[in-house]
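The values are calculated or read from the model by the stated rules, or taken from the named source; none is laboratory data. The shown structure was predicted, so the numbers you read here are calculated from the model rather than taken from an experiment. Because the Cβ atoms are built from the backbone with ideal geometry, glycine has one as well, and the counts that use them run over all protein chains shown. Note: accessible area is taken over every heavy atom of the protein model, side chains too, but ligands, DNA and RNA are not part of it. Shrake-Rupley method; radii C 1.70, N 1.55, O 1.52, S 1.80 Å.
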Amino acid sequence: MTNKRNNEAESTRANSIRILYLAPGPAPLESDPLKNKFHYLSRYFAGDILHPIWAIKGPDARDRLDAMQKASGKFKCHFIFSFHLPPPLRFIKDFFFYLITGLKLNYFSEPFDIIVSYGPFKTGLAGYLLKLITGKKLIIEIPGNPIKSFCYETRQKNTIEIFKANSGKILTNFLLKKSDHIKLLYPGQINGFSAIKSQKVSVFHNFVPIAEFKPSNIEEKFIFFLGYPWYLKGVDILIKAFKKIYSNFPGYKLKIVGFCPDKSYFENLSKNCPAIELCDAVKHDVAMDLMKRCALFVLPSRTEAMGRVLLEAMASKKAIIASAVDGIPHYIKHNHNGLLFQSENVDNLSDCLTLLLEKEKMRDEIAKQGLNYVHQHYNEESFVKKFNLMAKRVLGQ
């Protein structure tokens, strides 16, 4: 009984912590509470979410927005629709949305204790100005490799992209120094920047609703890739590797799914190989149905901090092949819950594909190990506890 009272008291104290969360968009929040991270964070926190999203149209638009709000627990959602604007105007509109709405909430509603910025660029800059004005603590979450993130967006670099890369590094370095805490996805994620004190860093995974995945015994003869941008994610490497081995595995296809505004380069690579399907982006539930049915999942990224799809593939009980780059080896252990290949090494990837397609028992064992591994280390409970510990460190509790 005493323990129960202590737990309730701890929960009550923690719930007094209010968070202003700056989300970058554009995907809307989950309308299912069991898939919405703010539903889980509401166990310890309350607050506000500032979130630019794609325009939601149709007669059910208001119902969908209300569903997102209800699914977010003790967090109130504040949306803005700006993605119809060209990038410079979108940046300005989003930036002032974060700044003005954040100040209004702090001074004319319930003040917040912590600002959390997902990303070190637009959201990070807005978070830093809010920190200066309000005196609140700032946590910056780093979703990718800040040095490499601009390097692989496209194959050909132009002056604008080079400028973005250089200015992005300078801005990131400045904001990391000015933040009160940094959330990383893997150790060494901010190597290459000025020395950051270890006591202001937490390392843990991003939220993925692991419990909501229901593995299936169905396995169809296709290798699956899901993600964007395609060049950064190494789609060309995967196409070349698959073309080297597909004649040895008749009946198998390579299905590539994701947003890609210009597929011409990848279509040219796929010529004379009818077993390759280049597909547009699909809704998440459709993508996860494909994940559930594939023979194996491949993520050949040139840079990757975590790869949400890796956790989704493990939760779907699928064997994984991924590049041994950045944070991927932190989540995928070679010959345990996946196979790792040297990034951009086509021959190495084709060997891994051959191995898993030939050895069904090995494929099944890796899939089983992955399912156990993701439920043990990267479940919802683990995320919430680590986020709560991070917040307490920031506030000196």
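See the values below:
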read-out: Label point 7 Å beyond Cα of residue 262 along Cβ direction - residues of the range 232-253 with amide nitrogen under 19 Å; value: 232-237
read-out: Antiparallel DSSP beta bridges within the chain, as percent of all bridges there, nearest 5; value: 0 percent
read-out: Sulfur and carbon atoms: percent of accessible area, the range 280-334 [1.4 Å]; value: 52 percent
read-out: Between helix 360-377 and the chain: long-axis angle, C-alpha atoms, 0 to 90°, nearest 10; value: 0 degrees
read-out: Mean Cβ neighbour count within 10 Å, used as a protection proxy, ranking 81-91, 116-126, 383-393 highest first; value: 116-126, 383-393, 81-91
read-out: C-alpha long axis of helix 346-358 to longest principal axis of the chain, angle in °; value: 80 degrees
read-out: Helical mean residue ellipticity (222 nm; -39500 (n - 2.57) per DSSP H run of 4+; nearest 500) of the chain; value: -13500 deg cm²/dmol
read-out: 3J(HN,Hα) from dihedral phi, the range 291-303, Karplus parametrisation 6.51/-1.76/1.60, rounded to Hz, x for glycine, proline; value: 4, 5, 9, 6, 7, 7, 10, 10, 10, x, 4, 7, 8
read-out: Estimated distance in nm for a label pair at residue 375 and residue 359, the labels positioned 7 Å out from Cα along Cα-to-Cβ; value: 2.5 nm
read-out: Separation of the residue 244 and residue 193 label points, Cα + 7 Å toward Cβ, nm; value: 3.6 nm
read-out: Karplus-derived 3J(HN,Hα), 6.51/-1.76/1.60, for each residue of the range 119-133, Hz, glycine and proline x; value: x, x, 9, 4, 5, x, 5, 5, x, 5, 5, 5, 5, 4, 6
read-out: Cα gyration tensor shape of the range 220-358, rounded if a/c is under 1.5, else prolate or oblate by comparing a/b with b/c; value: rounded
read-out: Estimated vicinal HN-Hα couplings, Hz - the range 208-224 in sequence order (Karplus 6.51, -1.76, 1.60; Gly, Pro = x); value: 9, x, 4, 5, 7, 8, 10, x, 10, 7, 6, 9, 9, 7, 8, 8, 10
read-out: Helix 235-245 vs. the chain, principal-axis angle (Cα, 0 to 90°, nearest 10); value: 20 degrees
read-out: Potential lengthening between residue 272 and residue 344 on full extension [0.36 nm per residue; Cα-Cα distance subtracted]; value: 23.7 nm
